[in-house]
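So the structure is just underneath, and the comments pick up after that.
Computed from the coordinates by the stated procedures, all read-outs in this text should not be read as laboratory data. Note that the coordinates shown come from a computational prediction; the quantities given were computed from them, not determined experimentally. Here the Cβ positions follow ideal geometry from the backbone for every residue, glycine too, while neighbour counts run over all protein chains shown.
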Amino acid sequence: MDLDQIRNFLKLSEELHFWRTAEMVNITQSALSRQIQTLEQELGLQLFERNKRNVKLTAAGMFLKAKWTVLLDDLNYVHLFARKISQGETGKLRIAHPDSISSSLLPDLLLKISEKYPELTVEMLQLLSENIQMSLLDYKIDLAFTRQVSELPGISSRKVKSEPVALFVPEHHSFTNYDDVSAESLARQRFILPVAERKSSYYYLVWEIFNSYNVTPQAFYESDFGSSILGLVSKGLGIAILPVSFAQNGMPHIRVIELPFSTDLYISWRSDDNGPSLTNVLGIIKDL
């Protein structure tokens with residue numbers, strides 16, 4: 001038996017009229033009769049009692065109608081779900097991202113994904129920068145926003161944007177604007193710096209800024225997590241250099257002073273990953 005036979009049996013079980021059913025399923029009446037006879041022969045039972053005037057289901061036919069209706073509904077759902085997976089409309093996508101875009105680009109991206117692919121589940125992770133590329137290659141994540149372009153074989157990267165960096169200082173700090181920033185004033189500050197031993201791309205950017213002022217900063221705290229850094233700044237425990245997008249974090253008691261330096265944001269993924277959901281999200285990111 002095949003699905004067409006079962007579908008036509010179910011339609012006939014509703015209509016109980018061979019000619020009308022044949023017209024509805026777009027086959028001849030004789031073809032429908034042969035289908036039902038073949039089905040009865042394969043099952044070894046009678047599905048319909050029929051004479052010149054009436055067609056009605058046998059007890060076995062009524063049982064199969066009830067069971068096959070449920071099974072066919074389940075099968076239709078499975079086929080629909082498979083089509084959605086093949087079109088990237090459902091499933092799960094795991095995205096690693098830096099803390100700096102948590103209140104800026106990331107909510108906009110997730111809103112667009114939700115609007116266009118409401119059944120796609122997105123899992124968001126924050127990883128240390130040195131773990132991101134291997135996590136991609138090990139299939140632990142599917143997509144990663146990073147502050148550096150990947151140079152590993154098997155990983156593709158694309159620049160998303162550049163953004164300024166800024167000094168984040170407590171609201172009552174003596175720095176009120178960029179004119180207050182000088183080599184002498186920076187040398188007197190307590191800094192919260194990126195973790196030295198990890199040597200991330202952002203660590204090098206921060207030191208490039210200090211070198212341009214010919215300043216060796218006093219590092220009282222080290223952290224690679226922007227939200228933690230902002231918390232320390234708001235309590236007056238130091239100042240920090242961060243991407244200006246952290247200004248959208250909404251942390252109170254902080255002043256932001258933009259600097260004439262910028263940092264790049266990249267998106268990275270496995271080069272051989274042609275998954276439809278990944279392709280769809282990469283398209284959304286490009287439009288953003």
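Largest GNM mean-square fluctuation across Q41, Q87, Q148, computed for the chain with C-alpha springs under 10 Å, falls on Q41.
Give me the net charge for the shell around L93: Cβ to Cβ below 15 angstrom, other residues only, Lys and Arg +1, Asp and Glu -1.
Around L93, the surrounding residues sum to +2.
State the label only: which of (i) 44; (ii) 55; (iii) 36 corresponds to percent of Cα pairs over 29 Å apart computed from the shown model? Given (i) 44; (ii) 55; (iii) 36, the calculated one carries the label (ii).
Past the 25 Å Cα-Cα mark, which pairs from K67/K116; K11/K67; K112/K199; K84/K286? Can you show the working numbers first?
Numbers: K67/K116 36 Å; K11/K67 14 Å; K112/K199 34 Å; K84/K286 22 Å.
Distance filter (> 25 Å) returns K67/K116; K112/K199.
Using a cut-off of under 19 Å, list every residue of the range 38-73 whose amide N is near the label point 7 Å from the Cα of Q29 along the Cα-to-beta-carbon line. Inside the label zone: 38, 48-57.
Positive contributions from Lys and Arg (+1) and negative ones from Asp and Glu (-1), summed over other residues with Cβ under 13 Å from the Cβ of F175, come out at -2.
Projecting the Cα atoms of V233, N211, P107 onto the charge dipole of the chain (Cβ charges, centred on the Cα centre) puts P107 farthest toward the positive pole. Taking the charge dipole of the range 1-139 about its Cα centre, with +1 at Lys and Arg Cβ atoms and -1 at Asp and Glu Cβ atoms, the residue from M1, L128, G61 reaching farthest to the positive side is G61.
Among the trypsin sites (Lys or Arg not before Pro) in the range 139-198, those placed in a DSSP loop whose Cβ has at most 14 other Cβ atoms within 10 Å are K140, R188. Working ranking of peptides 248-255, 223-230, 24-31 by packing, defined as the average number of other Cβ atoms within 10 Å per residue, highest first, is 223-230, 248-255, 24-31.
If you count, for each residue, the other Cβ atoms within 10 Å and average over each peptide, how do 258-268, 46-56 line up from highest to lowest? Intermediate values should be presented prior to the final figure.
Working: 258-268: 16.7, 46-56: 12.0.
Put in order of decreasing packing, that is 258-268, 46-56.
Counting only residues at least eight positions apart within a chain, or on another chain, the aspartates and glutamates with an alpha carbon under 12 Å from that of K92 are E119, E123, D142.
Quick one: net charge of L242's neighbours, Cβ under 13 Å, K/R +1, D/E -1? After counting each charged neighbour, the total is -2.
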